[in-house]
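Shown next, in structure tokens, is the structure this report addresses.
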Amino acid sequence: MTSVEQGLSAERVVATLRQIGITHVVWLPDSVATFMYQALAAEPDLILVPVCREAETMAIALGLMMGGKEPICLIQNTGFMESGDSIRGLVLEAKAPMLLMIGYKGWRFGQPMTDSSGVYLEPLLNAWGIRYYIVDSEADVGMIAEAYAEAKRNEEPVAVLIGKDWQR
Amino acid sequence: MIPSDAIWETLARRRGNALVVPSMTSVRNWSRFSTDPELDFPNLPMGKGSSVGLGLALARPERKVIVLDGDGALLMNLGSLVTIANMRPKNYLYFLFQNGIYESTGGQILPGADLVDFAAIARDTGWPRIYEFTEPADWEARVDEVMSGDGPTFVGVTVPPTQPKLPLPARTTSQAYREVKARLLREDT
């Protein structure tokens, strides 16, 4: 099967979010995660909070978490890079068990990347000490729940990198 | 202009069980007035107070959420006015302390300090309630009106620079996050 045929199904990802108790998706739609948009919007148990710039997502999510809700942030890797001070000053300083779902623009399913937004993502996560899982096929979807459990257990942020063939 | 102390003191008296997100100069000063520090989340990253407040307001629609922010910080997260207007949290009150300078870094003039009309931006992005105060008597006369009604509510206050510059609170972001969360959970049970 090709990577596209093995590709993630939006319904499966959204079902996983529902199963692990996510209440809010704080997001800025991107070219990778856009395949999930309709499924997210159609899910009655999820509240979508669209933002104007990605750095808002972590701040809003932190507020939601203090209030007892279970949000995730859904942004593209370029937006993750834009969000530096939010990540540093809120997520890492608060030691918040936040699940960051990051669209992996530039990901080539394990092949060498040429897009800088892809090239720098994992080194940046490593520099910040943020553990991550790459989810780029249906077989990997279970990692979302694992990542969320790890965040809760260790009281720290964990990232799920969504590798979707975004050009199709 | 209205001395910032007058705003902080009045809000502290009238907050009830509101959550408060002080940011910028308010981070250094709100603790002098706060009547319930366990419900305060001091926001340190510039510009993010408005967004943290939105998250709290969405999570806790039964409580007011009061954000105390600076004009330099709002410039760094101007889009948050749209994000907030779009979600329309009725319990959200945003106080913008306006003095046209980056007070935290030594008083440098903001870009566009004589051009920007933040209240107009809020109005044109659909905020339903807009207030602007430049005189203490006007603030005291209308504070009850400001604190009531369905928001989100934008309150622009023209203030002088605050002196002296106090140190940051000792309470860490991690401590504040956990204390606010635990307090809200305790009150739920």
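Computed quantities for the displayed model
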quantity	calculated
Positions within the stretch A:66-87 being more than 7 Å from chain B (Cβ to nearest Cβ) and either open to solvent by 10 Å² or more (accessible area, probe 1.4 Å) or in a strand (DSSP E or B) (or both), in sequence order	A:E70, A:P71, A:I72, A:C73, A:L74, A:I75, A:Q76, A:T78, A:M81, A:E82, A:G84
Among the candidates A:R18, A:R12, A:R53, residue that is touching a residue at least 12 places away in the same chain (Cβ under 8 Å), more than 19 Å from A:I144 (Cα to Cα) and not β-branched (V, I, T)	A:R53
Neighbours by Cβ (under 6 Å, 6+ apart or cross-chain): first from the stretch B:106-130, over 23 Å from B:Q163 (Cβ atoms); second open to solvent by 80 Å² or more (accessible area, probe 1.4 Å)	B:A119/B:E132; B:I130/B:R123
Positions within the stretch A:46-65 being among the acidic types (D, E) and open to solvent by less than 10 Å² (accessible area, probe 1.4 Å), in sequence order	A:E56
Pair list, Cβ < 7 Å and 6+ apart or interchain, from the stretch B:169-189 residues that are more than 7 Å from chain A (Cβ to nearest Cβ) and under 17 Å from B:S34 (Cα atoms) to residues that are open to solvent by less than 80 Å² (accessible area, probe 1.4 Å) and among the acidic types (D, E)	B:E179/B:E38; B:R183/B:E38
Any pair with Cβ under 6 angstrom, 6 or more apart, that starts in the stretch B:79-92 at a residue that is more than 7 Å from every other protein chain (Cβ to nearest Cβ) and ends at one that is part of a helix (DSSP H, G or I) and open to solvent by less than 30 Å² (accessible area, probe 1.4 Å)	B:L81/B:A122; B:I84/B:L54; B:P89/B:A57; B:N91/B:A57; B:Y92/B:A57
Test: residue in the stretch B:74-96 that is of a type in the set (F, W, Y), touching an Asp or Glu at 6+ places or on another chain (Cβ under 9 Å) and crowded, with 17+ Cβ neighbours inside 10 Å	yes
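Listed here are the residues, each with its yes/no results for (1) farther than 22 Å from B:Q163 by Cα; (2) in a helix (DSSP H, G or I); (3) more than 10 Å from every other protein chain (Cβ to nearest Cβ); (4) open to solvent by less than 10 Å² (accessible area, probe 1.4 Å).
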{"position": "B:S26", "(1), (2), (3), (4)": "no, yes, yes, yes"}
{"position": "B:W30", "(1), (2), (3), (4)": "no, yes, yes, yes"}
{"position": "B:S34", "(1), (2), (3), (4)": "no, no, yes, no"}
{"position": "B:G47", "(1), (2), (3), (4)": "no, no, no, yes"}
{"position": "B:S50", "(1), (2), (3), (4)": "yes, yes, no, yes"}
{"position": "B:L58", "(1), (2), (3), (4)": "yes, yes, no, no"}
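The values are calculated or read from the model by the stated rules, or taken from the named source; none is laboratory data. Since we're looking at a predicted model, the values are computed, not measured. Cβ: placed from backbone, ideal geometry, glycine included. Neighbour counts: every protein chain shown. The area values use the complete protein model at the heavy-atom level, side chains included, leaving out ligands, DNA and RNA. Shrake-Rupley method; radii C 1.70, N 1.55, O 1.52, S 1.80 Å.
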